[in-house]
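This report concerns only the one structure given below.
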């Protein structure tokens, strides 16, 4: 007989900085129970089927596969989202985009565009907090569009529309009060692409040219055509790209340009406002 406590003690994930948490999440999923169950009932006997599933999960994690992909879900903001290997895993640092957007615009009606939505994390978080906002979420990857739509339907957020579009290509002359994006911003050949969870994430959602700024340049150049007067553009970027992004925004005519710091005290997002 195998009990919960002994399974957790035997779990070895030496390459993970969050080994204990990873093991608990995987075992809870194998049991079909919340994580709290493991601590409440550490002496409960685990069925052979659940133990086998847990073993399979551990093996995948030892090979480097992210926990979020193994479980098919990830928490973001106040939401539980379905995730899959054709989209990025939503990360806590990206919640800074959501926090800033919510503080930036009033709760009155507004039109918001989320470019490169992936799982829909940013768009759905904003829509869940602002029922008066109409949020459009776009992605160029059909599988990502389908995933974001599944998340939208499960969360029953009627104020979000999910569209297939390569950046602005399917938006014609639509204009918005806020455009927000976590675009690819890693330079091709960056050593971080061979490390950790990033190894399993789609390169198309990570890499943007020799300096990592190709997609950001494109968004900044095209955004004025899709913003209302006085509208805002807000972008996530690399920890060392804030100065370059501020320069690009100022060069495109944006005002009130500033950067905000993430949980690690790095300048992680930059925003600017189109003149009224």
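Any read-out appearing in this document is the output of simple, stated calculations on the displayed coordinates, not a laboratory observation. In this text the structure is predicted, and so the values were computed from the model without any measurement. Cβ sites come from the backbone with ideal geometry, for glycine too, and all protein chains shown count toward neighbours.
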Calculated FRET efficiency, residue 108 and residue 240, Cβ-Cβ r, R0 35 Å, to nearest 0.05? 0.45
Expected unfolding gain across residue 35-residue 164 under the 0.36 nm per residue rule, minus the alpha-carbon gap, is 42.8 nm
So for the range 93-152, considering every pair of alpha-carbon atoms, how many percent are separated by more than 12 Å? 64
With an 8 Å cut-off on Cα pairs and a minimum separation of 6 or more residues, tell me the relative contact order of the range 84-274 in percent. 20
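Subtracting the Cα-Cα distance from 0.36 nm times the residue separation, let me have the gained length for residue 228 to residue 261 in nm, one decimal. Show your work: numbers first, answer last.
Details: separation 33, 0.36 × 33 = 11.88 nm, distance 2.66 nm.
Roughly 9.2 nm would be gained on extension.
What share of the DSSP beta bridges in the chain is antiparallel, in percent to the nearest 5? Can you show the working numbers first?
Numbers: 15 of 36 bridges.
Once the DSSP bridges in the chain are tallied, antiparallel ones form about 40 percent.
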Regarding the range 1-85, what are the three Cα extents along the principal axes, ordered largest first, in Å? 36, 27, 23
Expressed as a whole percent, how much of the Cα-Cα distance distribution for the range 114-186 exceeds 18 Å? 31
Inter-probe distance in nm under a simple model that places probes 7 Å from Cα toward Cβ, at residue 174 and residue 80: 3.0
Of 95, 65, 43, which has the largest mean-square fluctuation in a 10 Å C-alpha GNM of the chain? 43
Quick one: helix 19-31 against the long Cα principal axis of the chain, what's the angle to the nearest 10°, folded into 0 to 90? 70
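Given all pairs of different Cα atoms, what value in angstroms does the Kirkwood hydrodynamic radius of the chain take?
On the way: mean 1/r = 0.0501 Å⁻¹.
It is 20.0 Å.
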Under a Gaussian network model of the chain whose springs join Cα atoms within less than 10 Å, the largest fluctuation of 39, 266, 226 belongs to 39
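With a 10 Å Cβ neighbour count serving as the proxy for reagent exposure, in which order, fewest first, do 240, 173 appear? Don't skip to the end; give the middle numbers.
On the way: 240 10, 173 6.
In order of increasing Cβ crowding within 10 Å: 173, 240.
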Gain on full stretching of the segment that runs from residue 59 to residue 99 - 0.36 nm per residue minus C-alpha separation: 10.7 nm
